[in-house]
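First up is the structure itself, then whatever we jot down about it.
The values are calculated or read from the model by the stated rules, or taken from the named source; none is laboratory data. Here the structure is a predicted model, which is why all the values come from computation and not from measurement. All Cβ positions, glycine included, derive from the backbone under ideal geometry; neighbour counts span all protein chains shown. The area values use the complete protein model at the heavy-atom level, side chains included, leaving out ligands, DNA and RNA. Shrake-Rupley method; radii C 1.70, N 1.55, O 1.52, S 1.80 Å.
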Amino acid sequence: MHIVVCVKQVPDTKIIKINPKTNTLDRRSAPAILNPYDAHAVQTAVSIKEAAGGEISVLSMGPPQAVDIIKKSVEIGADRGYLITDRAFAGADTLATSYALSKALDRISKEKPIDLIICGKHAIDGDTGQVGPGIARRLDIPPVTNVIEVSDINKDTRRVKIKRKIINGYELIETEMPCLLTVEKEINDIAYSPLPNMIKAARYTPIIWAVSDLEDVDRTQLGLKGSPTIVGKMFTPPKPEGGHMLDGNADDQAKQIIDILLQNKELFSVN
Amino acid sequence: MSNGKSQEGRGPLMLDNRGVWVYVEQNEGVIEGVSLELLGAGRKLADKLEVPLAGILLGDNVRELAEEIIFYGADEVYVVESPVLKQYRTESYMKGVILLAEKYKPEIFLYGATPNGKDVASAVATDLSTGLTADTTMLDVEVEKRLLEASRPAFGGNIMATILCKKHRPQMATVRPKVMKALERDTARTGRVIEESLEIREEDMRTKVLEIVKDVTKKSLADAHIIVCGGKGMGDERNFGLIHELAGLLGAGVGGTRDVVEAGWLSHDHQIGQTGETVTPKIYFAIGISGAIQHLVGMKNSEIIIAINKDPNAPIFGVSTYGIVGDALEVLPILIKQFKEAFHEKGGEVTHA
Amino acid sequence: MPEKFDVIVVGAGPAGTSCAYTCAKNGLKVLQIERGEYPGSKNVMGGVLYRKQMEEVIPEFWKEAPLERPVIEQRIWMMDKESTVTFGYKGLEWAQEPYNNFTVLRAKFDQWFAGKGVEAGVLLINETVANECIVEDGKVVGIRTDRPDGDVYADVTVLADGVNSLLGKQLGFHKEFRPDEVALTVMEVINLSKDKINERFNLSENQGCTIEIFGDSTKGNLGTAFIYTNKESVNIGVGTTLSSMIKARMKPYDLLDYLKTHPMVKPLIEGGEAAEYLAHLIPEGGYHSVPKVAGNGVLVVGDAAQLVNAIHREGSNMAMASGKMAAETIVEAKKKGDFSLDTLKEYKDKLYNSFIIKDLKKYKDATHTFENNPQFLRDYVPMLNRAASKFFTVDGTSKKDKQKQIIKTMTSERGTIKLIKDVYKAWKAVK
Ligand SMILES: Cc1cc2nc3c(=O)[nH]c(=O)nc-3n(C[C@H](O)[C@H](O)[C@H](O)COP(=O)(O)OP(=O)(O)OC[C@H]3O[C@@H](n4cnc5c(N)ncnc54)[C@H](O)[C@@H]3O)c2cc1C
Ligand SMILES: Cc1cc2nc3c(=O)[nH]c(=O)nc-3n(C[C@H](O)[C@H](O)[C@H](O)COP(=O)(O)OP(=O)(O)OC[C@H]3O[C@@H](n4cnc5c(N)ncnc54)[C@H](O)[C@@H]3O)c2cc1C
Ligand SMILES: Cc1cc2nc3c(=O)[nH]c(=O)nc-3n(C[C@H](O)[C@H](O)[C@H](O)COP(=O)(O)OP(=O)(O)OC[C@H]3O[C@@H](n4cnc5c(N)ncnc54)[C@H](O)[C@@H]3O)c2cc1C
């Protein structure tokens, strides 16, 4: 089994705070982290490797500092990592991102055929969830989004069973390998990495590729040039008017709320 | 590993495309609410552009739903029926949608941002080599250039980003459930139904759906008629108990902001907002919540919003129907006490829960 | 088979990193374990970094290190309720290379410093806690971390795990601190614009100032307070020995709040926004409480060895110097191939011949003197303020008469003999 996990570097939105008064972003302490969903994706690969054997590669497109998230992936249990980094990739929307990643996956699969690709459900910054399915289409392999469990992998028939989250429930589906999964956080808990992984990661140097290292690349499909969407404008939504303020002391205010509640006869019946 | 199929020349520069389309998601013959909402939103866009509004319906034995789609605003319904479309699968649904889009060439194409809606839209956008704006909460159109202006909360800050797709058609967007308004169902409306067939055999399908399990026990917050949502302003987990207490009395669901979930006072499935649930209950209490945009997008379409915050300038008051400037820790116990009295004395009954 | 290194350093504060860096520079295979998310993530310091000892580890570090401001002025305040007597020194020679001291924010500085170690070849592992030393045949042979498969071995283990060194305690190197051996310091980083800082502290572009405050800052308890200027924030903190805090039934926050609202202090920080709140222990026992610092296969450096000069608030410099000495000892030991106490005790000798132990010895009784003689801070600071007020108030009395009056009140308030005794005691403690 050769599993490739796509991992993205994102700013830590847990730490980013928004000042509700000024509506500005408090960027002071927003370090770059491994997209949390992608950590679960790597962990999924680790569990599959533990059960079925194989190797785990991770792939990221991003700035040179993204080597850190590749090392983080090695801590979780990846065997190696590739970073594609080049000015030509900058400004990519999801279409251009999936194009670039698919070209890198082509090269990786030449070195060692890929059986499974795993992505996060979405990245917490761009937050579109479109890159995974996009890659699957470009490679013409089945995508399975919103995965909450990899139930069975049959190496001989090359078929996998997967639970996929849907509105109000889940579905169990079966598909063939290679395929692409995007995983929800609930698929697993990230294990506390063993010390040898930590040491390995601290020593690890990711493989770095530029556009020129990839084959058959149509440069017009990369980065800003290859992106059909653009950010037209940014604006602060018009401030809504607001409603009626309830006056008086706390007793009066509570009373007014109760009147409002009990007016809703379909919710409460009082005699 | 590439399929060798070139994507070039497939989508770009089809600027003479016309028509506004809505992907109508049905599950087991029932149309998802978001699809009806999108017909409402799409209607406005189509009227501005003076083009027909079409609903796109795929499935097995679903033709009868076409009428409903027209009642909710469509002028045309494109229907693709096939046994391979019995359950949703990216592979077959995507092919059906692409078939229609390539043949009839719409200029705008909207999808509900549900798991399946996002899934099919992402695949279709890749094959058509066009832009797809994710999780939009505002839609408009610039008539002269026939440009869809799809806006979504931008990462961080109380800022919306309008995403444009200038040179590629169709212009596609997924739209969050419960932010657009469906039209009143109008059985007098009429429209045209166009049927197409899909040539895929089950044997050629790589993916099979083995089982669908609906979780009926878990009552979703999205279904609650009343939600009591607390924020970081409750101070600590113990005080947050007041939120549970009030909710219990009212038969309401309990919600929280992201900060509350991160503090561990509630589990993630109670989070309301951009990265949590979107809800539109009849009554929404926002208590000790500042009202950051990421929270507002998840609740601002509730019918009645009652906000309690000690800061008179808190943005939450901007969206509230009724506001109380005060200390929640003082107001809530009084409210709870008074409600018990007023309600039980009168032999009241919570009839909605 | 767990890996074996030449050296394992526990902790990535100034002591640990200085040791790890120096070892790696000398070609040793070094593993450094830090429990924080990254080095400095939880580390606290008032913020004065002394040039000399840092320079000895990394020459001309100021050209690239993330420093806040070079300190060009040091002020000392003897503060009473509504007044303060100030003295200090401001010198522009400190505004240029090689500078004297700098203010730093530890979260940034430690991360950078540890990064230099990594460049030199240190393997740095964050988010990992060293739970215990692995001891075999009376020799420390490695550490056991909290991670799965978490044992790792080395010829020498260096304990740089800070003031409350659990590992040192486990080895029996030192006992639990007495409350009078440690100070609890609380501190806040308050964001203020560059312009406001420059204006309020009378500084030009990129010049820094430190204020050490005695007297009412600690409500008369043994301890001091400080205000240091960063680029766009100030650090304000206050600390007293744990014992005085217990005695006076005070909470650390109350003390900081008191300081922040003190009329002498408030105008300096007004309008600023508290960005971080930190609390930390400082070993203040000085010379008397330095534990065993060397054993078979193990050395103790920095705060873990209680190397802090409480009076002058020096700690990071001693941490770095001790870390470097430990490294030099290990490099020699490696050459000899012997890591027993016989060889490693060389570190102790180095330490005891350096400024570190000499300074600690010099001030060895200071804390106790002050702790046992609360009048120093409680009585003399207000007295000094009254004296200064009298002296500087223009009211028609001749200066000569004023001096007489001042001496008279001082002796009558405390008694001549007592006064002379106190002055002698204080002088002896810090001489
Ligand atoms: C405010 C804002 C709004 C945007 N809106 C849109 C939009 O509506 N439509 C659009 O097309 N683009 C949009 N973009 C651009 C988009 O964010 C980028 O294309 C981004 O590179 C990938 O999209 P994502 O972050 O949404 O990833 P997602 O699709 O959410 O990521 C899903 C998974 O794909 C994988 N993945 C994603 N990116 C990488 C990568 N660089 N390297 C390796 N794996 C990766 C990871 O496994 C990840 O978990 C927007 C950007 C911003 C800042
Ligand atoms: C990418 C991203 C995604 C996000 N997604 C979400 C999301 O899905 N949902 C979400 O909620 N947030 C989300 N956020 C976070 C959001 O920006 C806000 O930080 C968050 O909503 C604030 O939560 P809060 O209102 O509980 O806390 P605060 O902003 O701290 O507000 C507390 C409020 O309580 C008031 N208060 C304090 N004490 C009292 C009292 N005794 N009585 C009455 N009022 C009192 C205060 O005046 C204040 O207005 C996201 C942020 C980012 C960057
Ligand atoms: C409020 C305050 C103000 C001060 N002001 C100054 C000043 O202005 N100038 C000055 O020179 N000194 C000052 N000091 C003293 C100075 O901070 C210390 O002397 C110095 O930090 C000591 O360095 P260290 O490396 O020995 O320990 P620390 O800096 O405490 O580093 C110890 C490291 O070890 C890690 N660690 C601990 N246990 C474990 C474990 N079991 N496993 C893994 N990692 C572990 C910790 O996370 C930490 O990173 C001040 C101290 C305080 C509290």
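Structure above, values below:
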| item | result |
| --- | --- |
| Checklist (1) away from ligand 3 (no atom under 16 Å from the Cβ); (2) part of a helix (DSSP H, G or I); (3) open to solvent by 10 Å² or more (accessible area, probe 1.4 Å) applied to C:ILE330, failing item | (3) |
| Test: residue in the stretch C:231-238 that is of a type outside the set (Asp, Glu), open to solvent by 80 Å² or more (accessible area, probe 1.4 Å) and more than 16 Å from ligand 2 (Cβ to nearest atom) | yes |
| B:SER320 being over 19 Å from the mean Cα position of the chain (by Cα), surrounded by fewer than 20 Cβ atoms within 10 Å (Cβ to Cβ) and not assigned by TED's automatic domain parsing to the domain that holds B:GLU37 | no |
| Single residue of B:ASN309, B:ASN301 found to be more than 7 Å from chain A (Cβ to nearest Cβ) and at pLDDT 95 or above | B:ASN309 |
| Condition met for A:LYS233 (in a strand (DSSP E or B) and open to solvent by 20 Å² or more (accessible area, probe 1.4 Å)) | yes |
| Scope the stretch B:280-290; condition crowded, with 24+ Cβ neighbours inside 10 Å and near ligand 2 (Cβ under 9 Å from one of its atoms); matching residues | B:ALA286, B:ILE287, B:GLY288, B:ILE289 |
| Every residue from the stretch A:152-181 that is in contact with a Lys or Arg (Cβ under 7 Å, 6 or more places away or on another chain) and more than 9 Å from chain B (Cβ to nearest Cβ) | A:ASP152, A:MET177 |
| Residue that is nearest to ligand 2 (Cβ to nearest atom) [pool: residues in the stretch C:25-42 that are crowded, with 24+ Cβ neighbours inside 10 Å and not acidic (Asp, Glu)] | C:GLY40 |
| Scan of the stretch B:291-301 for residues that are assigned to a loop (DSSP other than H, G, I, E, B), crowded, with 21+ Cβ neighbours inside 10 Å and within 15 Å of the chain's Cα centre (by Cα), ordered by number | B:VAL297, B:GLY298, B:MET299, B:LYS300 |
| Pick from the stretch B:112-142, criterion of a type in the set (S, T, N, Q) and in contact (Cβ under 8 Å) with a residue 40 or more places away in the chain, ranking: farthest from the other protein chains (Cβ to nearest Cβ) | B:THR136 |
| Within the stretch C:145-181, considering residues that are crowded, with 20+ Cβ neighbours inside 10 Å and acidic (Asp, Glu), the one farthest from ligand 3 (Cβ to nearest atom) | C:ASP155 |
| Which numbered condition A:VAL217 misses (of (1) open to solvent by 30 Å² or more (accessible area, probe 1.4 Å); (2) in a strand (DSSP E or B); (3) within 14 Å of chain B (Cβ to nearest Cβ)) | (2) |
| Condition check for B:ALA150: hydrophobic (A, V, I, L, M, F, W, C) and either modelled with pLDDT under 95 or within 22 Å of A:THR182 (Cα to Cα) (or both) | no |
| Residue tally, condition open to solvent by 90 Å² or more (accessible area, probe 1.4 Å) and over 19 Å from C:GLY215 (Cα atoms), over the stretch C:247-276 | 2 |
| Single residue of the stretch C:202-218 satisfying the filter (of a type outside the set (A, V, I, L, M), in contact with a Lys or Arg (Cβ under 9 Å, 6 or more places away or on another chain) and closer than 15 Å to C:TRP77 by Cβ) that is most open to solvent (accessible area, probe 1.4 Å) | C:ASN202 |
| Scope the stretch C:71-94; condition over 19 Å from C:LYS266 (Cα atoms), away from ligand 3 (no atom under 14 Å from the Cβ) and not basic (Lys, Arg); matching residues | C:ILE72, C:GLU73, C:PHE87, C:GLY88, C:TYR89, C:GLY91, C:LEU92, C:GLU93, C:TRP94 |
| Of the criteria (1) closer than 24 Å to A:LEU101 by Cα; (2) modelled with pLDDT under 95; (3) more than 14 Å from ligand 1 (Cβ to nearest atom), which one A:ARG28 fails | (1) |
| Residue in the stretch C:62-73 that is farthest from ligand 1 (Cβ to nearest atom), counting only those that are assigned to a loop (DSSP other than H, G, I, E, B) and open to solvent by 30 Å² or more (accessible area, probe 1.4 Å) | C:GLU64 |
| Count of the stretch C:96-105 residues which are open to solvent by less than 40 Å² (accessible area, probe 1.4 Å) and in contact with a Pro (Cβ under 6 Å, 6 or more places away or on another chain) | 1 |
| Residue within the stretch B:238-256 that is more than 16 Å from ligand 3 (Cβ to nearest atom), more than 9 Å from chain A (Cβ to nearest Cβ), modelled with pLDDT under 90 and in contact with a Ser or Thr (Cβ under 9 Å, 6 or more places away or on another chain) present | no |
| Residues of the stretch A:111-135 that turn out to be more than 11 Å from ligand 1 (Cβ to nearest atom) and either touching a residue at least 40 places away in the same chain (Cβ under 8 Å) or facing chain B (nearest Cβ under 10 Å) (or both), as a count | 5 |
| The stretch C:43-61 - residue that is assigned to a helix (DSSP H, G or I) and surrounded by fewer than 17 Cβ atoms within 10 Å (Cβ to Cβ) and, of those, nearest to ligand 1 (Cβ to nearest atom) | C:GLU55 |
| Residue within the stretch C:136-144 that is without any contact (Cβ under 8 Å) to a residue 60 or more places away in the chain and surrounded by 17 or more Cβ atoms within 10 Å (Cβ to Cβ) present | no |
| Residues satisfying the stated conditions in the stretch A:215-271, i.e. touching a His at 6+ places or on another chain (Cβ under 9 Å), more than 27 Å from A:GLY126 (Cβ to Cβ) and not aliphatic (A, V, I, L, M) | A:ASN264, A:GLU266, A:PHE268 |
| Some residue of the stretch C:106-118 being among the acidic types (Asp, Glu), open to solvent by 30 Å² or more (accessible area, probe 1.4 Å) and more than 16 Å from ligand 2 (Cβ to nearest atom) | no |
| Some residue of the stretch B:270-278 being within 12 Å of ligand 2 (Cβ to nearest atom), part of a helix (DSSP H, G or I) and either facing chain A (nearest Cβ under 7 Å) or under 19 Å from the mean Cα position of the chain (by Cα) (or both) | yes |
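Okay, residues lined up against (1) within 16 Å of ligand 2 (Cβ to nearest atom); (2) open to solvent by 50 Å² or more (accessible area, probe 1.4 Å); (3) outside the structural domain of B:PRO177 (by TED's automatic domain parsing); (4) basic (Lys, Arg):
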position: B:LEU210; (1), (2), (3), (4): no, yes, yes, no
position: B:VAL213; (1), (2), (3), (4): no, no, yes, no
position: B:ILE226; (1), (2), (3), (4): no, no, yes, no
position: B:CYS229; (1), (2), (3), (4): yes, no, yes, no
position: B:MET234; (1), (2), (3), (4): yes, no, yes, no
position: B:PHE240; (1), (2), (3), (4): yes, no, yes, no
position: B:ILE243; (1), (2), (3), (4): yes, no, yes, no
position: B:LEU250; (1), (2), (3), (4): no, no, yes, no
